[in-house]
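Trainee: I have a structure I would like to understand better, so I am pasting it below and will then ask my questions one at a time.
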């Protein structure tokens, strides 16, 4: 049984030992190792788990080994993004996956088990920052990180709405259309 730090969606953490981390079942059978003397075992639905840190944190491999690992971005459903180098020995189960990761600038290697229900996706990256230089400069100048996405989404919606309005043939109010054609606009 491996020691595991279970991190739930609400931020609660649980120290446990779990025999089967294949993520082949929608629940985990955990032996509780935390400080609460009343808890001994738990059946934990994976849908409640954000991620698990499995085993001990180790030192990251050397530069040449780390450079051979893929760059990835784990996009969580809560909006958080974890960027990391991922080891080739990834294990994908029916309900989640296990990845060995090293985050940029870190010298720690961690093994993460993440249920698919916590993820929007795991994306392979060509580089750590693929935004155009102007957007990178705005971020460096202190713009909030989510502002770029919000502004881009609002601008896209406005552009689509403007295009839809320009395509609309005829007046905005149906009553005026009937008056222009000589039809009665009063209810009878």
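The values are calculated or read from the model by the stated rules, or taken from the named source; none is laboratory data. All values reported here derive from a predicted model rather than from experimental measurement. Virtual Cβ from ideal backbone geometry, glycine too; neighbours counted across all protein chains shown.
Trainee: Got at least one residue in the range 137-151 being exposed (fewer than 15 other Cβ atoms within 10 Å of the Cβ), at pLDDT below 95 and within 14 Å of the chain's Cα centre (by Cα)?
Mentor: Taking every residue of the range 137-151 in turn, at least one turns out to be exposed (fewer than 15 other Cβ atoms within 10 Å of the Cβ), at pLDDT below 95 and within 14 Å of the chain's Cα centre (by Cα).
Trainee: Give the range 70-94 a look and list any residue that's outside any strand (DSSP E or B) and surrounded by fewer than 17 Cβ atoms within 10 Å (Cβ to Cβ), or say none. Full working, then the answer.
Mentor: Filtering the range 70-94 down to residues outside any strand (DSSP E or B) leaves 77-80, 87-90, 93-94.
Correct list: 77, 78, 79, 80, 88, 89, 90, 94.
Trainee: Sticking with this one: Test of understanding: among 84, 48, which residue is over 16 Å from residue 115 (Cα atoms), in the same structural domain as residue 110 (by TED's automatic domain parsing) and at pLDDT 95 or above? Talk me through it step by step, then tell me what you get.
Mentor: Values: 48 fails: over 16 Å from residue 115 (Cα atoms).
Just a single option satisfies the conditions, and that option is 84.
Trainee: Can you tell me which of (1) surrounded by 12 or more Cβ atoms within 10 Å (Cβ to Cβ); (2) assigned to a strand (DSSP E or B) is the one residue 121 doesn't meet?
Mentor: (1)
Trainee: Determine which single condition residue 170 fails, assuming it passes every other condition in (1) loosely packed, with under 15 Cβ neighbours inside 10 Å; (2) more than 20 Å from residue 78 (Cα to Cα); (3) at pLDDT 95 or above.
Mentor: The one condition residue 170 does not meet is (3).
Trainee: Continuing with this model, one more query. Looking at the structure I just gave you, is residue 100 surrounded by 13 or more Cβ atoms within 10 Å (Cβ to Cβ) and either over 22 Å from the mean Cα position of the chain (by Cα) or assigned to a strand (DSSP E or B) (or both)?
Mentor: Answer is yes for this residue.
Trainee: Looking at the range 30-54, which of its residues are loosely packed, with under 14 Cβ neighbours inside 10 Å and under 29 Å from residue 121 (Cβ atoms)?
Mentor: Of everything in the range 30-54, those that are loosely packed, with under 14 Cβ neighbours inside 10 Å and under 29 Å from residue 121 (Cβ atoms) turn out to be 43, 45, 47.
Trainee: Another question, then. Condition test on residue 72, is it under 24 Å from residue 9 (Cα atoms) and touching a residue at least 40 places away in the same chain (Cβ under 8 Å)? Working first, answer last.
Mentor: On the way: under 24 Å from residue 9 (Cα atoms): yes; touching a residue at least 40 places away in the same chain (Cβ under 8 Å): yes.
Judged against the criteria, residue 72 is a match.
Trainee: Looking at the range 103-117, which of its residues are closer than 25 Å to residue 129 by Cβ and not in a strand (DSSP E or B)?
Mentor: 103, 104, 105, 106, 107
Trainee: Name the strands (runs of 3 or more DSSP E) wholly inside the range 1-66 in which the number of residues that are over 25 Å from the mean Cα position of the chain (by Cα) and free of Cβ contacts under 8 Å to residues at least 40 places away in the same chain is 1 or more. Before you say what the answer is, go through the steps one by one.
Mentor: On the way: elements: 2-8, 13-18, 27-32, 41-45, 49-59.
By residue number, 13-18, 27-32, 41-45.
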